[in-house]
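What follows is a set of notes on a single structure, which appears directly below.
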Amino acid sequence: MTKPPTAVQRRIIEAADPATGRLSGSEAQLAALVRQHLAFRHPRPPHAYFLTPAGHRVREEAARAPAAGAPAPPPATPAGSGLFAARTGAEPVPPPGGGSPARARDVRSAWEGLLEMRRMTNSDGARDRPCGWERTHLVQAAALALEAAGCPPGPGGYRVGDTPQPEAVAVRDVSPDGLRTCARALEAAGWQVSEHAERPQGARYLLASPRRG
């Protein structure tokens, strides 16, 4: 029977990047989480560590029922905090480092980590179809797919938001060409996309859902 995570391991899990599950810690600490089946090591450089579905469950349980006297969990990762967060386009100010080589590396690493999570958690090992984590983090997952495809976020580009529909996000862009580019990027990432007109303004937007099969 797998032992429950230690207090140190729980702190590492709870501090994981909220968008991707990427972990920070010493090599020994992260290797111990792998042995506990709470994390996996990405096979490609920089060989970052990410939460497995079991690790995500530990993190979510801690968020739902924090221990008595424990400090409140940190807020969602702000821009400029040094941790990766997918850009939804709704950030209040232009994020620092936008378009920089460092940001491009972070996005590429996060996307590769998500593809590896798909391989590990989809029953058939498929990397071209969204996984369970994406279905519970729709806005972050869609934003990561768009940014990884090179679509620009923010006032001059895409904006991803929630919708009342289950398993669906709305994607808007300032131009028709940008909207079509977003549609192609999401379809290539394994999402089902349809275009709609808002009422009464008539502005066009995308409704996107993770593909199931």
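The values are calculated or read from the model by the stated rules, or taken from the named source; none is laboratory data. Just so we're clear, the structure is a prediction, and the values are computed from it rather than from any experiment. Quick reminder, even Gly has a Cβ in these numbers, built from the backbone with ideal geometry, and neighbours come from all protein chains shown. Calculation scope for accessible area: heavy atoms of the full protein, side chains included, ligands and nucleic acids excluded. Shrake-Rupley method; radii C 1.70, N 1.55, O 1.52, S 1.80 Å.
Side notes on the structure shown:
- Yes/no for GLY190 being over 22 Å from the mean Cα position of the chain (by Cα) and farther than 22 Å from GLU91 by Cβ: no
- Filtered residues of the stretch 134-187 (kept if under 19 Å from the mean Cα position of the chain (by Cα), in a helix (DSSP H, G or I), more than 20 Å from ASP106 (Cα to Cα) and β-branched (Val, Ile, Thr)): THR136
- Breaking point among (1) in a loop (DSSP other than H, G, I, E, B); (2) open to solvent by less than 10 Å² (accessible area, probe 1.4 Å); (3) over 24 Å from LEU138 (Cα atoms), for LEU33: (1)
- Qualifying residue in the stretch 44-52 (condition: crowded, with 16+ Cβ neighbours inside 10 Å, assigned to a helix (DSSP H, G or I) and polar (S, T, N, Q)): no
- Here the stretch 89-133 is the region considered, the condition is being among the hydrophobic types (A, V, I, L, M, F, W, C) and over 14 Å from the mean Cα position of the chain (by Cα), and the residue that is modelled with the lowest pLDDT is VAL93.
- Residues satisfying the stated conditions in the stretch 9-33, i.e. touching a strand residue (DSSP E or B) at 6+ places or on another chain (Cβ under 6 Å) and farther than 20 Å from ARG127 by Cβ: ALA16, LEU23, LEU30, LEU33
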